[in-house]
C-alpha cells in the first residue's frame with residue numbers, strides 16, 4: 001500500500017489520495033469501503049460519502065469501476081444508513097438536558113429490543129449510539145469549537161460510553177454523576 005499525503009485539504013483530495021495509495025487497477029466494494037473508513041477517520045462520520053459518489057469522483061480521475069460491486073456496495077450502504085436514521089429518529093444530543101432525555105429513549109428502545117430478542121436491532125441501536133459518541137468526541141477534541149461546547153460534548157460522550165458498556169446501571173450512574181461536585185461545578189447552572 002502506498003502512502004497518503006499528510007496535508008490533504010479536501011474530501012475529494014483524500015478520496016483520490018487513498019485510491020492512489022491502494023495501487024489498484026480497478027475499484028470495487030473493498031476499495032470503496034477503505035476510502036469511507038479513511039474519510040471517517042479524517043473528517044468524521046458525517047463526512048462519509050456514498051460508495052456511488054466516491055465511485056463518480058474516482059471515475060472522473062480515470063479509475064476503472066467494477067460496476068456490479070459498486071452498485072451492490074452502494075445499495076447496502078444506503079440500506080444501513082436508512083436503518084440508522086430510523087434508529088436516530090427522535091434523538092437529540094444538542095445539550096445536556098436533550099442528551100439525558102435521548103439516552104433515556106435509547107434505554108427504552110434497548111429494553112424493548114432485548115425483550116423481543118432482536119439482536120440485529122440491538123446491534124444497530126448500539127452502532128447509532130457509538131456513532132453519536134464518536135461525533136461528540138470529535139467536537140470535544142476540536143480546537144475551533146468554544147470550550148463550553150467542548151466540555152458538554154465530552155460529558156455527553158462519557159454518558160454514552162457508560163450507557164454502551166452497561167446500560168442497566170446508567171440511570172443510577174447518571175443520578176450520582178449529576179450530584180457530584182465536579183459536575184455541579186462544570187454544569188450546575190445548565191443542568192442539575
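The values are calculated or read from the model by the stated rules, or taken from the named source; none is laboratory data. Owing to the predicted nature of the structure, the values given are computational and were not obtained by experimental measurement. Using ideal geometry, Cβ is built from the backbone for each residue, glycine included, and neighbour counts are taken over all protein chains shown.
Among the listed residues 190, 143, 168, which satisfies the condition of being loosely packed, with under 14 Cβ neighbours inside 10 Å and either at pLDDT 90 or above or assigned to a helix (DSSP H, G or I) (or both)? Quick ask: steps written out before the conclusion?
Details: 190 fails: either at pLDDT 90 or above or assigned to a helix (DSSP H, G or I) (or both); 143 fails: either at pLDDT 90 or above or assigned to a helix (DSSP H, G or I) (or both).
Of the residues listed, the single one that is loosely packed, with under 14 Cβ neighbours inside 10 Å and either at pLDDT 90 or above or assigned to a helix (DSSP H, G or I) (or both) is 168.
For a quick check of your reading of the model, give me the residue pairs whose first member lies in the range 170-182 and is farther than 16 Å from residue 152 by Cα, whose second is assigned to a helix (DSSP H, G or I), with beta-carbon atoms closer than 6 Å and at least 6 apart or on different chains.
Note: pairs meeting the criteria are 170/162; 170/163; 173/162.
Residue 34 passes all but one of (1) touching a strand residue (DSSP E or B) at 6+ places or on another chain (Cβ under 9 Å); (2) modelled with pLDDT of 90 or more; which number fails?
(1)
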